[in-house]
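A.B. asks: First, the structure itself, so that you have it in front of you.
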Amino acid sequence: MNAALPLKHPVPGTLRAAAGCPWEGAERQNTAAFEILNAGQQAITPPVRDAVVQNLVSLFRGDYLLARLMLEEGRFMVFQAILCLSAAQNPEDRDSWLTLGRLQARLSSSGLTSRNRIEALVAIFERYGFIERRKAEEDLRISILIPTARMWSADALFTEMHLSPLCQRPDLGDQSASASQLLARLSHGGEANGGQHPHADPMAPAWSERSIAPATAGHRNWRRSFAPLLQDYFGMRMQHRSISALAERDGGYLTFLMLLHEASRTGSSRIQMGYEAISEHAGISRTHARLLMEQAETLGLVQLHARGGRDIEVLQNAWDAMDSWMTGNFAYLLATD
């Protein structure tokens, strides 16, 4: 599709409705946050790390669809890109419209994933009601990808699971204050209580009717301001190869989270987590669970002392990797005003 000139007479059509609020351009980036990114991030403390792990395990364990859509690394990247590029659209600039072609160009050019896989993932998100396609009222030849309330709600819940533990730690200073401010922007009530989300339960999945709500203007503005950071954010995640390698496989990241959660819960580095239990909680086969554990051992995260997951030692490398991973992710989440 050839790029067209900006509209001479903007129409409040599909793009403006998708934006949810008048286009105001990209928000100013937080200089202090970039100093954190470039000069060493504030490390995440073990209590915060353990609380985030517990939140994520509570949310995704047994919730096969949401886990597959949001935790596998390729799908996660497409999920994030759709939200950010949609929020950053300018109804007056067709080059900014979120079409399948623009999404493919943005992600495939970085080598993160292929154009064919992006198209397949978009079809999956559409099938499960996370996005829809609409003809642009300004040009009916163009189909725009529109994140639904279901996708925005899942994103708000996922972000809250990460940030709520920080809100409960005022002793962490600016980091806690920034997390509270961000959650307030995502909250329909305008305030962040920092408590556990009522739907952080496998029986109440994030796309259930009980938790679906339109995105707030603050949520869209945050995603718009995050758009310029996308490539660096994805690059940061790829640098953490011990975790991203697991996250590239279905059930890999959730399995890693469950291992850390069990070790934290029992207070011991030696745990039992049978492959059948992993299979049940992550929605994968027992063979796949075994292969994931063997990969984790190859990556230096665990040591297997018995077959079938009867004796797994969670090594210090696993905790160090998660601390570094979370520190980098938090730095980017809090890097915008």
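The values are calculated or read from the model by the stated rules, or taken from the named source; none is laboratory data. Quantities reported herein were computed from a predicted structural model and do not represent experimental measurements. So basically every Cβ, Gly included, is an ideal-geometry build from the backbone, and we count neighbours across all protein chains shown.
A.B. asks: Is there a residue in the stretch 288-311 that is closer than 22 Å to LEU59 by Cα and of a type in the set (Ser, Thr, Tyr)?
C.D. replies: There is no residue in the stretch 288-311 that is closer than 22 Å to LEU59 by Cα and of a type in the set (Ser, Thr, Tyr).
A.B. asks: Considering only the stretch 73-97, how many residues are without any contact (Cβ under 8 Å) to a residue 60 or more places away in the chain and over 17 Å from the mean Cα position of the chain (by Cα)?
C.D. replies: Of the residues in the stretch 73-97, 1 are without any contact (Cβ under 8 Å) to a residue 60 or more places away in the chain and over 17 Å from the mean Cα position of the chain (by Cα).
A.B. asks: Criterion first (surrounded by fewer than 16 Cβ atoms within 10 Å (Cβ to Cβ) and either closer than 28 Å to PHE256 by Cβ or among the acidic types (Asp, Glu) (or both)) does LEU65 satisfy it?
C.D. replies: Taking the combined requirement at face value, the residue satisfies it.
A.B. asks: Among (1) of a type in the set (A, V, I, L, M); (2) under 12 Å from LEU301 (Cβ atoms); (3) more than 16 Å from the chain's Cα centre (by Cα), which single condition is ILE271 missing?
C.D. replies: The failed condition is (2).
A.B. asks: Out of all the residues in the stretch 287-296, is one or more closer than 15 Å to GLU73 by Cβ and surrounded by fewer than 22 Cβ atoms within 10 Å (Cβ to Cβ)?
C.D. replies: There is at least one residue in the stretch 287-296 that is closer than 15 Å to GLU73 by Cβ and surrounded by fewer than 22 Cβ atoms within 10 Å (Cβ to Cβ).
A.B. asks: Condition first: within 24 Å of LEU157 (Cβ to Cβ) and hydroxyl-bearing (Ser, Thr, Tyr). Now tell me which residues in the stretch 83-110 satisfy that.
C.D. replies: Selection gives SER86 alone.
A.B. asks: Failed condition for GLN42, given (1) assigned to a helix (DSSP H, G or I); (2) at pLDDT 50 or above, with all others met?
C.D. replies: Checking GLN42 against (1) assigned to a helix (DSSP H, G or I); (2) at pLDDT 50 or above, the one that fails is (1).
A.B. asks: Same structure again: Just one of (1) under 24 Å from GLY218 (Cα atoms); (2) surrounded by fewer than 20 Cβ atoms within 10 Å (Cβ to Cβ) trips up VAL52, so point out which.
C.D. replies: (2)
A.B. asks: Take ILE278 and tell me if it is among the aliphatic types (A, V, I, L, M), in a loop (DSSP other than H, G, I, E, B), within 23 Å of the chain's Cα centre (by Cα) and closer than 22 Å to GLY62 by Cβ.
C.D. replies: It is false that ILE278 is among the aliphatic types (A, V, I, L, M), in a loop (DSSP other than H, G, I, E, B), within 23 Å of the chain's Cα centre (by Cα) and closer than 22 Å to GLY62 by Cβ.
A.B. asks: List the number of the failed condition for ARG117; all other conditions in (1) buried (at least 19 other Cβ atoms within 10 Å of the Cβ); (2) in a helix (DSSP H, G or I) hold.
C.D. replies: (1)
A.B. asks: Select, from ARG237, ARG249, the only residue that is within 29 Å of ARG106 (Cα to Cα), touching a helix residue (DSSP H, G or I) at 6+ places or on another chain (Cβ under 9 Å) and not in a helix (DSSP H, G or I).
C.D. replies: One residue alone meets the criteria, ARG249.
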